[in-house]
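The values are calculated or read from the model by the stated rules, or taken from the named source; none is laboratory data. All of these numbers come straight from a predicted model, not from anything done at the bench. No Cβ is skipped: glycine too gets one built from the backbone with ideal geometry, and neighbour counts run over all protein chains shown.
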Amino acid sequence: MRNRLKEMLKAGKTALGVWISTGCSEVVWALMDSGVDWLLFDTEHGPCSIETVDKLIQYMRGSKATPIIRVVWNDLNAIKRALDTGAYGVVIPWVSSREEAVQAVRYCRYPPDGIRGAAPGRPARRWGITSNEYLRCANDEILIIIQIEREEAVNNIEDILSVEGVDVALIGPTDLSMSMGFVGRPFHPKVVEAMDKVIDACKEAGVTPGIAYALNPEHANQLISK
């Protein structure tokens with residue numbers, strides 16, 4: 001079972017989606033076949049439990065939108081439980097060093113490449129494959145998205161992106177701007193300069209750059225053009 005979103009990004013295509021912070025199944029039903037490429041279930045700042053997200057991802061089977069979960073922290077148990085729902089990727093917040101990026105990748109992967117514990121029955125069913133097939137392909141198909149949300153992360157960006165297995169570096173403008181002293185100004189020129197540094201480093205490293213949000217459609221197109 002191929003990860004449609006990962007294939008899109010590897011091909012250099014732009015992927016657009018929606019963040020979900022509600023447990024309402026009707027919202028998921030309305031969005032999952034609306035033409036978006038992904039739905040991201042936020043368990044870091046959103047109120048949904050992993051149990052709720054697990055049910056919502058069940059509804060998405062057969063949808064062209066790829067389900068992703070933002071975990072609460074760069075934590076083995078949080079990442080393991082998220083992936084065991086059948087999500088095709090995880091967003092890992094506040095990755096600010098090479099060591100933290102290595103840790104994140106290892107948490108997402110089965111041995112020998114990582115330390116994810118094996119309970120493949122549920123994710124395999126969601127993917128429409130057998131448990132053994134899931135164990136064989138998950139390390140290659142899971143999309144590993146690290147969030148760049150601190151000035152420290154920007155300063156360490158080349159080292160972070162050197163970690164094999166990091167697929168996407170997702171910029172979080174609000175937290176990044178606050179760490180730089182620009183509270184309430186997520187697109188201050190100095191913050192944009194830092195974002196551009198991340199984008200340039202991603203291009204050099206062959207990692208997909210991403211941004212958590214844009215201010216409006218025109219701004220989104222400006223960001224995509226970078």
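Observations, loosely collected:
- The number of residues in region 1-30 being in contact (Cβ under 8 Å) with a residue 40 or more places away in the chain, surrounded by 14 or more Cβ atoms within 10 Å (Cβ to Cβ) and either assigned to a helix (DSSP H, G or I) or among the charged types (D, E, K, R) (or both) comes to 4.
- Residue within region 91-103 that is of a type in the set (F, W, Y), out of contact with any Cys (no Cβ under 7 Å at 6 or more places or on another chain) and farther than 21 Å from L39 by Cβ present: yes
- Region 158-189, subset among the β-branched types (V, I, T) and either under 17 Å from the mean Cα position of the chain (by Cα) or modelled with pLDDT under 95 (or both), residue surrounded by the most Cβ atoms within 10 Å (Cβ to Cβ): I160
- Being at negative phi, outside any loop (DSSP other than H, G, I, E, B) and touching a strand residue (DSSP E or B) at 6+ places or on another chain (Cβ under 8 Å) is a description that applies to A169.
- Criterion: in contact with a strand residue (DSSP E or B) (Cβ under 8 Å, 6 or more places away or on another chain) and within 19 Å of N139 (Cβ to Cβ) - qualifying residue of I68, I57: I68
- Filter pass, V53 being touching a residue at least 40 places away in the same chain (Cβ under 8 Å) and under 27 Å from T130 (Cβ atoms): no
- Within region 110-145, the set of residues being outside any strand (DSSP E or B), β-branched (V, I, T) and within 14 Å of L83 (Cβ to Cβ) comprises I115, I142.
- Only listed residue being within 18 Å of R2 (Cα to Cα) and in contact with a helix residue (DSSP H, G or I) (Cβ under 9 Å, 6 or more places away or on another chain), chosen from A194, A169, A124: A124
- The lone criterion from (1) modelled with pLDDT of 95 or more; (2) in contact with an Asp or Glu (Cβ under 8 Å, 6 or more places away or on another chain); (3) not hydrophobic (A, V, I, L, M, F, W, C) left unmet by R122 is number (1).
- Filter result (surrounded by fewer than 21 Cβ atoms within 10 Å (Cβ to Cβ), in a helix (DSSP H, G or I) and not charged (D, E, K, R)) within region 31-67: L31, I50, T52, Q58, Y59
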